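Quick notes on the structure that follows.
No value in this document is a laboratory result; all are computed from the given coordinates. Just so it is clear, the model here is predicted, and its values are computed rather than measured. Cβ atoms come from the backbone with ideal geometry, glycine included; neighbour counts cover every protein chain shown.
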Amino acid sequence: MCTFQNDVINFMTNGKVTVRGLTKLGLIPKGHCVIPNQFYERGWGKWLPIPNLSLLPFFSVSITSGLCWEETIAFLEEKTKPDTFKKKCEDGETASIHQEIENLYINERETEIKRRLEANGFQYPESINDVVSLYIALGLAFDIVDLQGLVFLDMIIRPLQNIDDVLLNP
């Protein structure tokens, strides 16, 4: 984007650049996925739970597609894999040594994320609604009510805060 476009967008959005805003300006095509440039540099990839990470591209697509809250939840439910919210191997399931090691690493990561979220007053997601609520609670997304009373979601692209500024308690 050129400097003029950046200046115009900043003026129109009070310095906030969002997925929905850029879509309405025609700068993001309908149905495309947009993730903030500094998503990983600002720690979001490290401290978001796996369900939130795996559904973020679909969340972005739901915004660029113009889906309301209920439609977004239904869309995310369609895209959710059966084991997205699975806690651990069910009784009778067997796993190779590589799968067991991978599961151990994932479990350790998610346990630490859950601990840090709870230390900061947030809930670890157990459902699609929890995933969306966590995006909003952490300030990555927000809801908008239109003139007809429909609730839509939007996601911040810029300025994207550091996750450590949100999750203050280590």
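Modelled label-to-label distance, Lys81 and Leu53, 7 Å Cα→beta-carbon offset: nm?
In this crude spin-label approximation the distance works out to 1.2 nm.
Using only C-alpha atoms and all pairs of different ones, pull out the Kirkwood radius for the chain in Å with one decimal.
One decimal place: 17.4 Å for the Kirkwood radius.
Set the Förster distance to 41 Å, then compute FRET efficiency between Ser133 and Leu27 from the Cβ-Cβ distance, nearest 0.05.
For R0 = 41 Å, the calculated efficiency reads 0.90.
Could you order the peptides 38-46, 140-148, 59-67, 153-161 from most to least packed, using the average number of other C-beta atoms within 10 Å per residue?
Descending mean neighbour count gives 59-67, 153-161, 38-46, 140-148.
Kindly provide the helix-only [θ] at 222 nm of the chain, computed as the sum of -39,500 (n - 2.57) over DSSP H runs of four or more divided by all residues, to the nearest 500 deg cm²/dmol?
One gets -14500 deg cm²/dmol as the mean residue ellipticity at 222 nm.
Where Lys and Arg each count +1 and Asp and Glu each count -1, what net charge lies around Phe142 among other residues with Cβ under 13 Å from its Cβ?
Neighbourhood net charge equals 0.
Given a Förster radius of 22 Å and the C-beta distance between Ile101 and Glu41 as r, what FRET efficiency does 1/(1 + (r/R0)^6) yield to the nearest 0.05?
0.20
Once region 81-170 is represented by equal point scatterers at the alpha-carbon sites, with solvent omitted, what log10 I(q)/I(0) does the Debye formula produce at q = 0.13, 0.22 Å⁻¹?
So the normalised log intensities are -0.62, -1.17.
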